[in-house]
Amino acid sequence: MNDLPFLQHFIVLPVLLPLLAGALLIPVKQSRYSLKFACSVTSTILLWVLAAVLLAMADGGYWPDGIGVYLASNWAAPFGIALLVDRLTALMLLLTATIALAVLVFSARRWDRVGIQFHTLFQFLLMGLNGAFLTNDLFNLFVFFEVMLAASYGLVLHGYNLHRIRAGMQYIAINLVASFMFLIGVALIYAASGTLNLTDLGARVALLGNEDTWLLSIGVCVLGLAFLTKGAMWPLGFWLPGTYASASAPVAAMLVLMTKVGVYAVLRVWLAVFGNDAGALAGFGFTALTIGGMATLFFGAIGMLASQDGGRMAGYGAIISSGTLLAVIGQAGGPVLASGLYYLLGSTLAMAAFMLLVELTERIRPPGAALIAITMEAFAIEDKPEDPVGQGIPGTLAFLGLSFAACALVISGMPPLSGFVAKFSLFHALLEVSPTEGKVPGLTWGFIALVIVGGLAAIIALMRLGVRIFWASGDIAPPRLQFSEAAPVTALVALCVMLTLQAGTVFDYLDRTVAGLAQVTTYSERVLGEPPVMRSPQRGLER
Amino acid sequence: MEIVIALAVGVMFGSGIWLILRPRTFQLITGLLLMSYAVNIFIFAMGRLSVDRPPITLSPAIDPAQFADPLPQGLVLTAIVIGFATTALYLVIMIGARGLTGSDHVDGKEPRE
């Protein structure tokens, strides 16, 4: 009876699996592309299955209240590190695995060969992402952030050229400073409350004295700076467009996911610590998040109109999506948050597809052969990668055009795809939240207006880009695409369509997620009440 | 002691901020190092400052007032290791940038006069 049930170990596997796969891939010779790819893709498929199982377990009543807790090294909760799975975590794990799988297949024919150790870094990035979603301990969150960032530093520089090294230097410097902020915030929180366990912190926050409350709010603000730098809130997000535009396409698609980690961390901390049970600190900082999110949205919209090339435009698109999400978190209400999460799903998928697509459309122009040559020299790689021109698929231009249009529809929130459903339900929830006096606050109207303006800016910018790529380039030769490059884009776009068709099911799930998140006391009961496994005394020792 | 530690952290962090705003990569990395020292001491101080109190004990009877908080000491060790690794990584990229661009400016090119 005292043994941990087998299924319980599934909670820690999304961290262990990529770690092992990544480590195993290091000694494999660089020229054995197919072996490396096979290992990497197997690990990612397993991750996807794991995420799906965890989602089914969290939603299917395997654990009480849909919250699964795993005590690392069998230490009871506030003292050791607890990993936590609830519906939100499971959803983010599934989203990560889905995008990772698409990106990995996309990079199979070309991108994993332009530099060294692509798959190892990719697996470590997945480990960091999964860990950051799973952990319930602030310092452990820092460690996973660093794992994720260290892998992303390598990936941003993947396919080493002048642009990447310039952008990479700034990206790394910004993130190192943000990590210091993270540490200062964590230290202050510990000094004020004496705990680093997020759930425990939420339970203690109302009991703190006046002075400690003051210290805690400073600590959380400094911590928030670190998260918001990752999530690219204005004015902390100037690093983002340049980095996105210069990173290679598969890496940029993963970076889209990384901004969502910042937003996710903000959501977790704010809901756990400053929920309704927080006493004097209840509702702390939510308005600032709304206003910051709106400023971000505005900045993103202007940037999108101003940018010329696809990569930069996608970067600003990610900023718009971050801004919308932050403003939604600032609203702190149930149905608003559910729509926000739906928006997160759709926009992340579409944005990742768009990042991959931008690279494909650039092949309509002569391919950048110079770019690969530098890498080859720098790393003295003997075998040349296969040229992307190989067996083409028919109707490339039609495929590219249709995918582009679908992505543009989702990103800008036009009907009939999921972006529209997300925005519509968002407006509906925003206007319904404050019905008491029949008056909606001005800030909410401002937010709605900005979301519409952001969508308008996005559709103008994307239309201009589309016209330039597909119609105004004169006599264009259809680029030849590999099947393995077209399939992931198609799959991501198809998922956006599925998200629209199955909007009811998804919203039911998200409603349950948000309802669960609001129960702060349930979380502390589950996490702090999770018993460590008792070891029965072994017979040999008894004598 | 509190005053000395606070001043040390403040001066180091302040110098670090000034240095990371400078245009050369060497100044940037020096600034990052200073900031990381300041942050490490800051974390250490968050376990409250005390003299002559061990963080661990083997005796089962424990009076917490007689012991220093071991957790920030554990945290600071982890933070030092991670900071060290990321700084080393940044140094490599700095050298790469210097070699590729021929300039030690953070933008990868000399500013126009």
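FYI, it's all coordinate maths here, none of it is from the lab. Values in this document were obtained by computation on a predicted structure and should not be read as measured data. Reconstructed Cβ throughout: ideal geometry from the backbone, glycine too, with neighbour counts over all protein chains shown.
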Taking Cα atoms, how many degrees apart are the long axis of helix A:503-518 and the longest axis of chain A, rounded to 10 and kept between 0 and 90?
40 degrees
Starting from the 7 Å offset along Cα-to-Cβ, what nm value, one decimal, do you get for the label separation of B:L77 and A:D277?
3.4 nm
Grab the DSSP H runs of chain A that are 4 residues or longer, score each as -39,500 (n - 2.57), total them, divide by all residues and round the 222 nm result to the nearest 500 deg cm²/dmol.
-23500 deg cm²/dmol
Relative contact order, percent, chain B [alpha-carbon distance under 8 Å, six or more residues apart]:
24 percent
Simple Cβ-charge dipole of chain A, Lys/Arg +1 and Asp/Glu -1, about Cα centre, in debye nearest 20
940 debye
With just the Cα atoms defining each centre, how far is region B:33-93 from region A:491-531? Give it in Å.
38 Å
So what are the ³J(HN,Hα) numbers for region B:7-20, from phi and the Karplus equation (6.51, -1.76, 1.60; θ = phi - 60°), rounded to whole Hz, Gly and Pro as x?
5, 4, 4, x, 5, 5, 5, x, 4, x, 4, 4, 5, 6
So, in Å, what gap is there between the alpha-carbon centers of region A:30-73 and region B:1-15?
46 Å
Above 19 angstrom, tally the Cα pairs of region A:225-278 and express them as a % of all pairs, no decimals.
36 percent
Separation of the A:I26 and A:D309 label points, Cα + 7 Å toward Cβ, nm:
3.4 nm
May I ask you to give the average projected area over all directions of the convex hull of the Cα atoms of region A:1-143, in nm² rounded to one decimal?
9.2 nm²
Whole-percent pair-distance distribution, where bins are 10 Å wide, for the alpha carbons of region B:38-113:
16, 28, 19, 16, 12, 7, 2, 0
With an 8 Å cut-off on Cα pairs and a minimum separation of 6 or more residues, tell me the relative contact order of chain A in percent.
18 percent
Over all alpha-carbon pairs in the protein assembly as shown, figure out the percentage whose distance exceeds 48 Å.
13 percent
Of region B:61-88, those with amide N under 16 Å from the point 7 Å along the Cα→Cβ vector of B:V51 are B:68
Per the Kirkwood treatment, what hydrodynamic radius in Å, one decimal, follows for region A:1-72 from the mean inverse distance over all distinct Cα pairs?
13.9 Å
Computed over region A:163-249, Kirkwood Rh from alpha-carbon pairs, angstrom:
14.3 Å
For region A:98-210, take every pair of Cα atoms, bin their distances at 10 Å starting from 0, and report each bin as a whole percent.
13, 34, 28, 16, 8, 2
